[in-house]
């Protein structure tokens, strides 16, 4: 019984640490999507009207994918930090 309690405590602690990791991954994913993906497409799409097809993925990355990905990872990490996923005896 005591061993089970110790394992649960370790697992709950690991989940809280991974909450920080999820939040950091969310921040990095947002940075990557905006800087490495969307900005280049915005520059190409706005500079030349012949490359207007580059503007559609830039809009999708910027206004649809980035908020969903960053928000989801941030909320998941926040709940992990608050102990929402902890197991109890």
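Every number here is computed from the coordinates shown, using simple stated rules; none is lab data. Because the structure is a prediction, the values reported are computed rather than measured. Here Cβ is always computed from backbone atoms with ideal geometry, including for glycine, and neighbour counts include all displayed protein chains.
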Can you find even one residue in segment 12-22 that is farther than 30 Å from residue 88 by Cα and assigned to a helix (DSSP H, G or I)? no
Does residue 60 count as assigned to a helix (DSSP H, G or I) and in contact with a helix residue (DSSP H, G or I) (Cβ under 7 Å, 6 or more places away or on another chain)? no
Need the failing condition index for residue 3 against (1) touching a residue at least 40 places away in the same chain (Cβ under 8 Å); (2) over 21 Å from the mean Cα position of the chain (by Cα); (3) part of a helix (DSSP H, G or I), just the number. (1)
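Each row is one residue, and each column tells you yes or no for (1) surrounded by 14 or more Cβ atoms within 10 Å (Cβ to Cβ); (2) within 30 Å of residue 11 (Cα to Cα).
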position: 42; (1), (2): yes, no
position: 56; (1), (2): no, no
position: 68; (1), (2): no, yes
position: 72; (1), (2): no, yes
position: 76; (1), (2): yes, yes
position: 80; (1), (2): yes, yes
position: 87; (1), (2): no, yes
Considering segment 45-54 alone, what residues qualify as being assigned to a helix (DSSP H, G or I) and loosely packed, with under 15 Cβ neighbours inside 10 Å? 46, 47, 49, 50, 51, 52, 53
